[in-house]
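Only one structure is covered here, and it is reproduced in the block below.
The values are calculated or read from the model by the stated rules, or taken from the named source; none is laboratory data. Please read all numbers here as calculations on a predicted model, not as lab measurements. Note: ideal-geometry Cβ built from the backbone for every residue, glycine included; neighbour counts use all protein chains shown.
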């Protein structure tokens, strides 16, 4: 268990709307946080929400096992974006919305928005984290592969 405000960086991989940032702030008010959110709309929303927090850095990139680009699929149903279900796997992004979860589901009303996102690795960021949270809709293993040096060097707490 960490005591007080232990020095070190908290990584929020898959920051979504900032729920984990808020939780970290609750228990570690002065922690330095680096948040990764590949959906540019969500990254901008988090940046605006925490614009007065100098200890938070939001990077609008995905985490992976190598640098590059990937497609992020965001499901839309009847024009409503379900950004929390976004995934680099198109089927994974779309399959959650179905007849067993939605009354009067109409498959013809289901579509997706595809966004090309930059990808980085945790190792490339050269951070010294004491805590890493990853919620990447199935891409957690790839992000861990891109963090082997950091994990070995820092031995952070992982929440996956």
> Which number in (1) touching a residue at least 12 places away in the same chain (Cβ under 8 Å); (2) surrounded by fewer than 17 Cβ atoms within 10 Å (Cβ to Cβ); (3) assigned by TED's automatic domain parsing to the domain that holds residue 129; (4) farther than 22 Å from residue 140 by Cβ marks the one condition that residue 54 misses?
Replying inline: (1)
> Does residue 104 satisfy being more than 18 Å from residue 42 (Cβ to Cβ) and outside any loop (DSSP other than H, G, I, E, B)?
Replying inline: no
>> I want to confirm something. Restricting to region 24-51 and keeping residues that are in contact with a strand residue (DSSP E or B) (Cβ under 9 Å, 6 or more places away or on another chain) and exposed (fewer than 15 other Cβ atoms within 10 Å of the Cβ), which single residue is modelled with the highest pLDDT?
In response: 44
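Is there a residue being surrounded by 18 or more Cβ atoms within 10 Å (Cβ to Cβ) and more than 17 Å from residue 151 (Cβ to Cβ) anywhere in region 106-114?
Narrowing region 106-114 to residues surrounded by 18 or more Cβ atoms within 10 Å (Cβ to Cβ): 112.
Within this subset, residues satisfying the condition of being more than 17 Å from residue 151 (Cβ to Cβ) are 112.
Within region 106-114, one or more residues are surrounded by 18 or more Cβ atoms within 10 Å (Cβ to Cβ) and more than 17 Å from residue 151 (Cβ to Cβ).
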>> Given the criteria outside the structural domain of residue 135 (by TED's automatic domain parsing), assigned to a helix (DSSP H, G or I) and either without any contact (Cβ under 8 Å) to a residue 40 or more places away in the chain or within 12 Å of the chain's Cα centre (by Cα) (or both), does residue 98 qualify?
In response: no
> Considering 106, 89, which residue is more than 29 Å from residue 7 (Cβ to Cβ) and at pLDDT below 95?
Replying inline: 89
> Which of the residues belonging to region 73-95 are assigned to a strand (DSSP E or B) and in contact with a strand residue (DSSP E or B) (Cβ under 8 Å, 6 or more places away or on another chain)?
Replying inline: 73, 74, 75, 76, 77, 81, 87
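Taking the conditions exactly as written (surrounded by 13 or more Cβ atoms within 10 Å (Cβ to Cβ), free of Cβ contacts under 8 Å to residues at least 40 places away in the same chain and either within 13 Å of the chain's Cα centre (by Cα) or in the same structural domain as residue 18 (by TED's automatic domain parsing) (or both)), does residue 150 satisfy them or not?
It is true that residue 150 is surrounded by 13 or more Cβ atoms within 10 Å (Cβ to Cβ), free of Cβ contacts under 8 Å to residues at least 40 places away in the same chain and either within 13 Å of the chain's Cα centre (by Cα) or in the same structural domain as residue 18 (by TED's automatic domain parsing) (or both).
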> Inside region 119-147, can you point out the residues that are closer than 21 Å to residue 41 by Cβ and exposed (fewer than 14 other Cβ atoms within 10 Å of the Cβ)?
Replying inline: 138
